[in-house]
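First up is the structure itself, then whatever we jot down about it.
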Amino acid sequence: MEIDTYKTITKPAQGEIFKDKNSKFYGFAFPVTNEEQIKQHLDDLKKEHYAARHWCYAYQIGTETFQYRANDDGEPNNSAGMPIYGQIQSFDVTNTLIIVVRYYGGIKLGVGGLINAYRTGAQLALEASEIVERTINKKFQLNFEYKNMSKVMRLLKENDVEIINQTLELDCLLEISVRKNNSLKLFELFNQFFGVEIKEL
């Protein structure tokens, strides 16, 4: 059976401050699902921490196919973005953005020091986050006449299906969400059901 769950964070979180040779690193974690949200969080943090020197980040979005990016924001190549992304992988989360804000303390840390600081900043942000496991779901639309309502509802209840939207008139329309590994079974169940039309959304 293929994996149909993923882990993500439930709400924004801020990790403890990491300090090294007068430089301060603040790690922030945000739940995100698209690039507009990522840009918004970056813009907000740049306004809030306008005196900082670097706003390095990494993110991963998607549940079955992943899209990720790591950005060093002016730090030496691969000394910031990739160590942050490494923590996203190590905590095995997706739909997550980590931004580590650096206030420069006047003493260079060297590449090794930077890698450690950004990795730790990201780790502290993820440790402060609430991580949950969610199921990957498929959505379907059911069309049927009102007289079939009780049978349809019983099948949905027996198969642990979530109803997202419903229009209950003479002709009923239900938008449902079902766990990916159960979706084929459910589709076949309703496909054989006389008087119910099912289609994937």
### Message
Suppose all protein chains stay in the model; what accessible area per residue would a 1.4 Å probe give for the chain, in Å²?
### Response
57
### Task
Give the Rg (one decimal place) followed by the Dmax (whole number) of the stretch 13-65, computed from C-alpha coordinates and expressed in Å.
12.9, 41
### Message
Using DSSP to call loops (not H, G, I, E or B), can you name the chymotrypsin sites (Phe, Trp or Tyr not before Pro) in the stretch 128-180 whose Cβ has at most 12 other Cβ atoms within 10 angstrom?
### Response
none
### Query
Measuring from label point to label point, each 7 Å out along Cα→Cβ, what is the Thr65 to Glu175 span in nm?
2.3
### Task
Return the sequence-ordered ³J(HN,Hα) values of the stretch 163-174 in whole Hz as given by the Karplus equation 6.51 cos²θ - 1.76 cosθ + 1.60 applied to θ = phi - 60°, using x for Gly and Pro.
9, 8, 9, 9, 10, 10, 10, 4, 9, 9, 9, 10
### Query
How far is it, in nm, from the label point at Asn191 to the one at Asp73 when both lie 7 Å from their Cα along the line to the Cβ?
4.9
### Query
When you count, for each residue, the other Cβ atoms within 10 Å and take the mean per peptide, how do 76-87, 43-54, 167-178 rank with the highest first?
76-87, 167-178, 43-54
#### Entry: Inter-label distance, nm, simple model (7 Å from Cα along the C-beta direction), Lys151/Thr33
3.4
### Query
If you line up the Cα atoms of the stretch 92-201 on their principal axes, what length do they span on each, largest first, in Å?
75, 25, 20
### Distance violations [Cα-Cα > 29 Å] among Lys19/Lys39; Lys7/Lys157; Lys19/Lys47; Lys39/Lys199; Lys7/Lys147; Lys151/Lys180
Lys39/Lys199; Lys7/Lys147
### Summary
In Å³ per residue, the alpha-carbon convex hull of the stretch 100-153 encloses 158
### Query
What part of the accessible area of the chain, given as a whole %, is carbon or sulfur when the probe is 1.4 angstrom?
47
## Note on the structure
Amide H contacts under 5 Å for Arg69, restricted to residues at least 5 apart in sequence or on another chain and with H modeled in the peptide plane, are Tyr59
### Task
Write out the chymotrypsin sites (Phe, Trp or Tyr not before Pro) in the stretch 158-201 meeting two conditions: DSSP loop, and at most 11 other Cβ atoms within 10 Å of their Cβ.
Phe194
### Query
If you wrap the chain's Cα atoms in a convex hull and average its projection over all directions, what's the area in nm²?
13.4
### Query
Remind me, relative contact order of the stretch 67-201 in percent, using alpha carbon pairs under 8 angstrom and six or more residues apart?
22
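The values are calculated or read from the model by the stated rules, or taken from the named source; none is laboratory data. These numbers were taken from a predicted model, which means no experiment stands behind them. Counting neighbours? That spans all protein chains shown, and the Cβs are built from the backbone with ideal geometry, glycine included. Remember, those area values only see protein heavy atoms, side chains included, never the ligands or the DNA or RNA. Shrake-Rupley method; radii C 1.70, N 1.55, O 1.52, S 1.80 Å.
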